[in-house]
Each structure stands twice: as C-alpha cells, then as structure tokens.
Amino acid sequence: MKIANVTDAWHPQTNGVVTTLSRTSDALKAMGYDVRMFTPEPYWTIPCPSYPEIRLSLFAGRRLAKALREFQPDSIHISTEGPLGLAARRYCMRHNLPFTTSYHTQFPAYVRKRFPIPERWTYRFVRWFHNAGKATLAPTPAIVKDLKEHQFRNPVVWGRGVDTQLFKPNPKHRRAESGPVYMYVGRIAVEKNIEAFASMQLRGRKVIVGDGPDLPQLKREFPDCEFLGYQFGAALASTFASADVFVFPSRTDTFGLVMLEAMACGVPVAAYPVAGPIDVVVDGVTGILDTSLERAATKALTLSREDCRQYALGNSWERCTEQFLSHLVRTDNGQPLAPRHLPDEHVEPRYASG
C-alpha cells in the first residue's frame, strides 16, 4: 500500500512538524506501508521571508506532478500550505483525487505577528486550502474546535507522540543550591513569546535551548539567561532532564511537542492556559497552567517528576501513527485507506482534558 506525504517542512529544519512527519513515516514503514515523502530537497528553493530556515520550493508543480504520477500512491496526504502543498492540492483537484491535509501551525496568528495582514484574510486562505480535502488532521481537540468555529468542514484529531527511550529522566537529578533550573527549548522567534520567559523574576537559572531569528536580540536584552544553541538527540534529552521546570511561553502553538519531551524526562511544565497546553498538560499533575507564567513556574516546582514520566509513556508514536492512518483515504474512491489496527480506546493518544 503506497502513501504519499507532501510537505514544505523537512530536514534540516528542526521543529515539531518535521519530527512528527519523520516519526510517522518511520512508524508507517515499520507497519509495512510504502511511504514516500515529497519534500523541498530536489527543487530550487529560496528562504522564506523572516523565517530563513524554511526553504520555499520554486517551479515545483510539473516535477511534483510527474513524481506523483510515477509513484501512483493509494493515498495522498498534504502536510503544509506552502508551495509544494499548493502544487499537490492543484494536482489532486485536477485529477479528481481525494486527499487529506494536516494543520500543524496557527498560520494566521504567525503571519499576523510578522506582517500587518488581518487574521481573517489568512483564515480565508487556509480554509480554502484545507476544505478541498476529505479531512483536516489537527493535533488536539481544542484546535479541532477552533477550526470548526472558523468553518473548516471536517477537522479531526491526529495526536503526537514522544520517544520515551530517548527522552527519559536523569535518576541523579538534584535541585542545585543556587536555585531551580527553568528551561525553554524550541525555535527562537517572535511567535514563541520567549520574552515572557526570559523576563521572569525568579531565583534560579533561566536556560534557553534553540536558535532562530530573534536570538541576537534576546541575547542583548536578557544577558542573565543562558543560551545553549541547538541541541539534538541524546545531548538534548540530557539537557531536558537537567531542568526543574520546563517553561512553554507560546500562546500560538497547536501542540508543543517539546512539552511531551520534557514530561518524558520527568520535568513538569509551566504554560499559559491556551490551545496546545490545555490538551497536553494535566493541570496540577504534569504541569501548571496559569495566566501568570511566573506563578505557574513556581507552582510547578512542587509537582511529581514521576507523574510527568508516567503521563508521557501513554503517548507513543505508534499509537499516534495508528490514528493518522485511520484518517487517510484512498485516491480511487475516497474511502478509508485501512481499518484501524487497534480498538478505538487504544488508538487515541492521551489528552489532558480526557
């Protein structure tokens, strides 16, 4: 069974979207599916304005159409709304091929933070893009609810997972005498609201892991923070496990995969009570949700690291991939590509609200 997944977000980018697509592809292959990722790699690209790590493919339409014809997929999924996603959508519409899409980022909010474009205009575009598909896969129930309110026709939940073998607690972790370690991990860009974390007035260390266009400015404005740059693999997992609290200041993320990675390392989360955290964090158990990030971080210090780990263990990539697979449709008749491999109660990833 052949599955085509078209995405503008791919390696060497480091973010939750790329991680999700990579791990889902690997899990599908392990199940025996023939999966091909259609990415910017073979095309001429230019850097996305204000987001240079993202490469926008140029003149990809004909080549992508040819590649899809040659592959002859049984199912087509379009993961992003960029040039490749648009080309894939156009190909499917032209040939009357049913397809599915996924909604990974709060695109209207991100655009608004960078350019003076009203969110309603951007919502009009993304609604047009996604409503042509059979289903729009979104990461949490809260995002599904939001999409329905914005007149998306068929949003459905596709959760996220975490590698609990890589991300695991440090059994020797001890809180330093100098105070707790508060940590942020992720892209350093305006939509992540990192200033809210960096400006917290708390005893202890504030550590920022990652890179992005706002890094030079943050270093100048917040010299009291420690900036570790990008980290990967075991080194990143070890850094996660050294934290006492993981602080997630974003108000615009659809999920926040790093929160699950922190929990898998036994680290409680401090976040705002907004879409993303409200479905990922069990308030008062695996983290604290509060309109005051400082108050949330202080309270999170009292939570059990073992409870965080146990919650993360219920969110495997295999479980999330089963859910992804259950939403795919056949290109020949629009019917489900495959039955669920597990009973319903075992397919759904765990959510804080559940």
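Summary of computed values
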{"read-out": "Accessible-area order (highest first, 1.4 angstrom probe) of the listed residues His130, His95", "value": "His95, His130"}
{"read-out": "Karplus-derived HN-Hα couplings along the range 234-251 (A = 6.51, B = -1.76, C = 1.60, θ = phi - 60°), whole Hz, x at Gly and Pro", "value": "4, 5, 5, 4, 5, 5, 3, 5, 7, 7, 9, 9, 9, 9, 10, x, 5, 10"}
{"read-out": "Residue pairs, from the table Lys29/Lys66; Lys29/Lys168; Lys172/Lys206; Lys29/Lys172, whose Cα atoms sit over 28 Å apart", "value": "Lys29/Lys172"}
{"read-out": "Whole-angstrom gap from the range 118-147 to the range 268-307, using each part's C-alpha centre", "value": "27 Å"}
{"read-out": "Where N is the number of residues in the range 204-354, Cα Rg divided by 2.2 N^0.38 Å", "value": "1.21"}
{"read-out": "GNM result for the chain, Cα springs below 10 Å: residue of Pro155, Pro171, Pro73 fluctuating most strongly", "value": "Pro171"}
{"read-out": "Spacing of the two label points (7 Å from each Cα toward its C-beta) at Gln151 and Asp224, in nm", "value": "4.8 nm"}
{"read-out": "Probe 1.4 Å - accessible area at Met93, Å² to nearest ten", "value": "100 Å²"}
{"read-out": "Rounded to 5, percent antiparallel among DSSP beta bridges of the chain", "value": "15 percent"}
{"read-out": "Per residue value of the accessible surface for the range 186-251 (all protein chains in place, 1.4 Å probe), Å²", "value": "41 Å²"}
{"read-out": "Calculated log₁₀ intensity ratio I(q)/I(0) where the Debye formula runs over C-alpha points of the range 104-190, q = 0.18 Å⁻¹", "value": "-0.90"}
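The values are calculated or read from the model by the stated rules, or taken from the named source; none is laboratory data. Please read these numbers as outputs of a predicted model, since none were measured by experiment. A quick note on method: Cβ atoms are made from the backbone with ideal geometry, for glycine too, and the neighbour counts reach across all protein chains shown. To get the accessible areas, we keep the full protein, side chains included, count just its heavy atoms, and leave off ligands, DNA and RNA. Shrake-Rupley method; radii C 1.70, N 1.55, O 1.52, S 1.80 Å.
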